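Structure record follows, encoded as structure tokens.
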Amino acid sequence: MPLYEYACDACGKHFELIRKFSDPPVETCFTCGGPVRKLLSAPAIQFKGTGWYVTDYGRKGQTPASESSSKSERNERSEKAEKVEKAEKVEKAEKGEKSEKSEKSEKSDSSGEKK
């Protein structure tokens, strides 16, 4: 049932009434008995689901559920790829350190023999 807003021309009182479509319009004020007029007001409706401006385009930075799931999957894949790359870099660095240590130990062994 819709909510209607009225204003009294005599006393200036504003009031709201929930009325059926089939109910006759209110013509007199309940407090002073003066004439009333129906005011235009914004409807209180909310569109749910995808395909509406508010859910799909109105919120910048947020995406609908169908797109956000695919984006989150892409983010997970890229995070996994980054972890693999970091692990490879660490392995290369460790191998480099081991080879440097072995070279140093070979130099110290060869220098010990020369003495």
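Which number in (1) modelled with pLDDT of 80 or more; (2) surrounded by 11 or more Cβ atoms within 10 Å (Cβ to Cβ) marks the one condition that residue 90 misses?
Result: residue 90 fails condition (2) only.
Evaluate the following for residue 28: is it out of contact with any helix residue (DSSP H, G or I) (no Cβ under 7 Å at 6 or more places or on another chain), of a type in the set (Ser, Thr, Tyr) and at pLDDT 70 or above?
So residue 28 fits the description; yes.
I'd like the full set of residues that are of a type in the set (A, V, I, L, M), in a loop (DSSP other than H, G, I, E, B) and either surrounded by 10 or more Cβ atoms within 10 Å (Cβ to Cβ) or at pLDDT 75 or above (or both), limited to the stretch 34-61.
Of everything in the stretch 34-61, those that are of a type in the set (A, V, I, L, M), in a loop (DSSP other than H, G, I, E, B) and either surrounded by 10 or more Cβ atoms within 10 Å (Cβ to Cβ) or at pLDDT 75 or above (or both) turn out to be 40, 42, 45.
Within the stretch 12-31, can you find the residues that are assigned to a loop (DSSP other than H, G, I, E, B) and surrounded by 13 or more Cβ atoms within 10 Å (Cβ to Cβ)?
Correct list: 13, 19, 26, 29.
The values are calculated or read from the model by the stated rules, or taken from the named source; none is laboratory data. Keep in mind it's a predicted model, so treat the numbers as computed, not measured. We place every Cβ from the backbone using ideal geometry, glycine too, and count neighbours over all the protein chains shown.
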